[in-house]
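The values are calculated or read from the model by the stated rules, or taken from the named source; none is laboratory data. Every value quoted in this text rests on a predicted model; they were computed, and no experiment measured them. Glycine gets a Cβ as well: all are built from the backbone with ideal geometry, and neighbour counts include every protein chain shown. The protein model used for the area step is the full one, side chains on, heavy atoms only, and it has no ligands, DNA or RNA in it. Shrake-Rupley method; radii C 1.70, N 1.55, O 1.52, S 1.80 Å.
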Amino acid sequence: MGLVSVLLISFCVLSISLVGTDNIVVGIPTTLDGPFKPVTVPLDKTFRGHAVDLPDTDPRVQRVVQGFEPEQISVSLSTTHDSVWISWITGDFQIGESIKPLNPKTVASVVRYGRLRFPLIHKATGYSLVYNQLYPFVGLQNYTSGIIHHVRLTGLKPNTLYHYQCGDPSIPAMSSTYYFKTMPASGPKSYPSRIAIVGDLGLTYNTTSTVDHMIGNNPDLILLVGDVCYSNLYLTNGTGADCYSCSFSQTPIHETYQPRWDFWGRYMQPVTSKIPIMVVEGNHEIEKQVENQTFVAYSSRFAFPSKESGSSSTFYYSFNAGGIHFIMLGGYIAYNKSAHQYKWLEKDLAKVDRTVTPWLVATWHPPWYSTYKAHYREAECMRTAMEDLLYQYGVDIIFNGHVHAYERSNRVYNYTLDPCGPVHITVGDGGNREKMAIAHADEPGPAAGKFCWDRQPDYSAYRESSFGHGIFEVKNETHALWTWHRNQDMYNSPGDQIYIVRQPERCPTEPKNHGRLSTYFSRVLTRRFPTSAEIKKPVAQTDETRSISALIDRSI
């Protein structure tokens, strides 16, 4: 056998050895290698942290349809694979002191769909609405939306491509033909290929870079963890600012410029008309108006599987994506034990069958474990109210936004390193107009004396100030690959990457008809807290030998 043949065989053996079963790529650290010593990536001095909004003259945000033709088309999921929601808007918004809302009954809500592009043999009808943003002060401009349509499609097959048109065929005013792909059926070996996680997106030139990178990663689903278009960084006359509180502090009410919502919907349509998007509310969606109404645009523009998941609110709901059960929670409504949200959460968690959906992922806007000065411990009351419940049921990962930077925690519970605690990931770095979070709560200077830590806490594994997004890829019942991408990097150059590994034998979850207290104590007895000396250094992503050995030892 020649030298070339020997080298070729050796290369093939090495290539095979770098991939375990279920496509687990070695050379990437896992949470089993942790907890890791905290890492802070120094701020790149060349990084432009100031984002500039797309103007209303940008062709990507202008209205291009005529009459009552559909625009701002989007797809969102229901609770299971066999159902999705199609949403769109017909008619244009109005803004001014004198507005006359459109009549939703004048335009039908119809979707024609099928597995073939032609003919579209199925038909579904839904409902429509119009919302207003009104201000009880002279000189402020009121707003009324176009007609917003929501139609639920049912009886869909799993992991299947469907084509659809939406609109009113009687006018006629139908859209072009679009397509979407349903989620896999729920099961322990059935998962979407990639799920994009993004927060605090906005509508800036940095946003466009984030979205381009995200689409380059071919996600099957998008989770937007709050703060959508930042319309409340504008007065009703369209004047914008980088910081509402410092620029518009003398206005009589926290105004918003609602057309920014329409601009965002138009810009995102090429994405959301094909890839399902699931949204949870952030603080920039509060948008207070007349009679103290809040969250009206958020609750009107998106379709939520609230009713299907037993929720009576658009602020919290759940759904399955293959073998993952997602719980979307509200950080800006009541969450204590007597609140409807908490009671719903208890019921939803109790119904989760981990033999069908092994992965349990929770999402809300303000993070519990962030070490940035911005919004530090702002959600402490929510953590105190809900953390025990999520821990007892074995939530694996928690995604948040709000803080305009990236941070990943070690497994943590009640500020203590815990191998059975969830990994908390903050991705509030989508690219909005507000400033990037740079200062840390543990640094000397402005934060000194106001916070408990004088160094990066042990629970914080990695933090970096940059714009970007994350990709979540579940490989099997126990391993999921998390990758964070910076906007300034190439697609194949991750900023942070780790396998999040479940240990169901070590960390038992809440069984059916079993008291939570005994489950809690069983978890305490099976876990072992690491000492400071045992906290490991970050594992180099190129340290293949160590990762291969660890992979074999764990018999993946």
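Which net charge results for the neighbourhood of residue 455, defined as the other residues with beta-carbon distances under 10 angstrom from its beta-carbon, given Lys and Arg at +1 and Asp and Glu at -1?
Cβ neighbours under 10 Å give a net charge of -4.
If you take the Cα atoms of the range 208-249, find Rg, then find the Kirkwood Rh from the mean of 1/r over all pairs, what is Rg/Rh?
1.16
Among the trypsin sites (Lys or Arg not before Pro) in the range 352-429, which ones are in a DSSP loop with at most 16 other Cβ atoms within 10 Å of the Cβ? Mind listing them?
Qualifying residues, ordered by number: 377.
With 21 Å as the cut-off, how large is the P(r) tail for the range 141-242, expressed as percent of Cα-Cα pairs?
60 percent
In the range 115-159, which residues have a backbone nitrogen under 11 Å from the label point lying 7 Å from residue 106's Cα in the Cα-to-Cβ direction?
What the label zone holds, given the 11 Å backbone N cut-off, is 147.
Have a look at the chain and give its Rg and Dmax from the Cα atoms, expressed in angstrom.
24.0, 89
What does the charge add up to near residue 149, with Lys and Arg as +1, Asp and Glu as -1, over the other residues with Cβ less than 13 Å from its Cβ?
0
When we measure straight from the Cα of residue 123, which aspartates and glutamates land under 16 angstrom away, once same-chain ones fewer than 8 places off are left out?
Straight-line reach from residue 123, under 16 Å: 82, 168.
With a Förster radius of 51 Å, plug the Cβ-Cβ distance of residue 160 and residue 294 into 1/(1 + (r/R0)^6) and report the FRET value to the nearest 0.05.
0.85
Scattering from the C-alpha atoms of the range 166-216 alone, worked out with Debye: what is log10 I(q)/I(0) at q = 0.14, 0.20, 0.24, 0.32 1/Å?
-0.72, -0.88, -0.91, -1.18
For the chain, take the longest principal axis of its alpha carbons; what is the angle in degrees between that and the long axis of helix 259-272, to the nearest 10 within 0 to 90?
Helix 259-272 sits at roughly 50 degrees to that axis.
Listed highest first by mean packing, meaning other Cβ atoms within 10 Å per residue, what order do 82-88, 66-72 come in?
Ranking the peptides 82-88, 66-72 by packing returns 82-88, 66-72.
Which three extents, in whole angstrom, do the alpha-carbon atoms of the range 120-191 cover along their principal axes, largest first?
59, 36, 18
Residue-wise, which Karplus ³J(HN,Hα) couplings in Hz belong to the range 117-134, taking 6.51 cos²θ - 1.76 cosθ + 1.60, θ = phi - 60°, and x for glycine or proline?
Values, residue by residue: 5, 8, x, 8, 7, 9, 9, 9, 10, x, 10, 9, 7, 10, 10, 10, 10, 10 Hz.
Using a 1.4 Å probe over the heavy atoms of the protein chains, calculate the carbon and sulfur portion of the accessible area of the range 174-330 as a whole percent.
Carbon and sulfur together cover 48 percent of it.
Would you kindly derive the ³J(HN,Hα) couplings of the range 172-186 from the backbone phi angles with the Karplus curve 6.51 cos²θ - 1.76 cosθ + 1.60 (θ = phi - 60°), listing them in order in whole Hz, with x for Gly and Pro?
So the Karplus estimates, Gly and Pro as x, are x, 8, 10, 7, 5, 8, 10, 8, 8, 10, 6, 6, x, 5, 5 Hz.
Could you tell me what % of all Cα pairs in the range 364-433 have separations over 20 Å?
When all Cα pairs of the range 364-433 are counted, 22 percent exceed 20 Å.
Using only the alpha-carbon atoms, how far is helix 544-553 inclined from the longest principal axis of the chain? Give it as 0 to 90 degrees, nearest 10.
80 degrees
To the nearest 500 deg cm²/dmol, what mean residue ellipticity at 222 nm is calculated for the chain from DSSP H runs of n ≥ 4 alone, each contributing -39,500 (n - 2.57), summed and divided by the residues?
It comes out at -5000 deg cm²/dmol, rounded to the nearest 500.
About its Cα centre, what dipole magnitude does the chain give when the only charges are +1 on Lys and Arg Cβ and -1 on Asp and Glu Cβ, stated in debye to the nearest 20?
It works out to roughly 1160 debye.
What does the C-alpha gyration tensor say about the overall shape of the range 382-499? Classify as rounded when a/c is under 1.5, otherwise prolate if a/b is larger than b/c, or oblate.
oblate
Which whole-number value in Å² is the accessible area per residue of the chain, probe 1.4 Å?
41 Å²
What does the charge count around residue 175 come to, taking other residues whose C-beta lies under 11 Å from its C-beta (Lys +1, Arg +1, Asp -1, Glu -1)?
-2
Just need the Rg to Rh number for the range 75-197, please, alpha carbons only, Kirkwood Rh.
Looking at the range 75-197, the ratio lands at 1.10.
Starting from the residue with the highest accessible area, list 314, 239 in decreasing order, probe 1.4 Å.
Per-residue accessible area, sorted high to low, gives 239, 314.
Between the range 250-309 and the range 395-439, how many Å separate their Cα centres?
23 Å
Where does the Debye-calculated log10 I(q)/I(0) of the range 281-419 sit at q = 0.09, 0.12, 0.22 Å⁻¹, using only Cα point scatterers of equal weight, no solvent?
-0.28, -0.50, -1.59
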